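One structure below.
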Amino acid sequence: MNNTIKIPGLEDVIITKVEEFEDRIAIFVEMEVQTHICPKCGKKTRKIHDYRVQKIKHLKWFERLSYIFYRKRRYRCDTCGKRFYEKNSIVDRYQRFSKEWNRAVNIRSVRAKTFKEISQQFGASPSTIIRRFDELAEKELKDVKELPRVISIDEYKGDTKEGKYQVIIANGETKEPIDILP
Ligand SMILES: [Zn+2]
């Protein structure tokens, strides 16, 4: 695997190894060593403290689920002794799914027919997908000032806290969601 290849969500990382299995792909990555600013005292440091490997669920590759094994680096500040994790572009703190995975799920969850369909596609439980969908809905569905020319109404089947079925109202031309109702 050549790391000049652009892989969604992994543009900024060094891919050290890719292992293929029958049903999944493991991608081993790390970030480049960079000068970091100590979050405690503000001094610069490049001193590496240690590494920890974090397993992250990523997008499907060629119909196989992929996992990122991210060798996460910790730096140490020489001035105050603070240890901290490096900045990275692949995963947010305390997340088991990559940022790219989240983006893709967000897009698909608005367009796919059922949460079950997306959950199979992305290798996650329907409840995880529904939670993402709820978060997205809260963030994206701001007050609508003007209604679009075409409105499309569709139903969703998913056991959210609002009930078994939801109604999605979207702009029929751009497919952007306007509202989701119980
Ligand atoms: Zn410091």
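A compact table of results
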{"item": "Hits in the stretch 95-112 - residues which are basic (K, R) and in contact with a strand residue (DSSP E or B) (Cβ under 8 Å, 6 or more places away or on another chain)", "result": "R96"}
{"item": "Pairs with Cβ under 6 Å, 6+ apart, first in the stretch 99-117 and over 12 Å from P177 (Cα atoms), second of a type in the set (D, E, K, R) and assigned to a helix (DSSP H, G or I)", "result": "V105/R132"}
{"item": "Number of positions in the stretch 35-77 that are within 16 Å of the ligand (Cβ to nearest atom) and either open to solvent by 30 Å² or more (accessible area, probe 1.4 Å) or within 17 Å of the chain's Cα centre (by Cα) (or both)", "result": "14"}
{"item": "Single condition I129 does not satisfy, out of (1) at pLDDT below 80; (2) under 29 Å from W61 (Cβ atoms); (3) assigned to a helix (DSSP H, G or I)", "result": "(1)"}
{"item": "Residue under evaluation Y94, criteria (1) farther than 18 Å from V18 by Cβ; (2) touching a residue at least 24 places away in the same chain (Cβ under 8 Å); (3) more than 16 Å from the ligand (Cβ to nearest atom), criterion not met", "result": "(2)"}
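Residues checked against (1) modelled with pLDDT of 85 or more; (2) among the small types (G, A, S); (3) more than 30 Å from I168 (Cα to Cα):
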position	(1), (2), (3)
E19	yes, no, yes
E32	yes, no, yes
I107	no, no, no
A112	no, yes, no
S119	yes, yes, no
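The values are calculated or read from the model by the stated rules, or taken from the named source; none is laboratory data. Here the structure is a predicted model, which is why all the values come from computation and not from measurement. As a convention, Cβ positions derive from the backbone with ideal geometry for all residues, glycine included, and neighbour counts pool all protein chains shown. The protein model used for the area step is the full one, side chains on, heavy atoms only, and it has no ligands, DNA or RNA in it. Shrake-Rupley method; radii C 1.70, N 1.55, O 1.52, S 1.80 Å.
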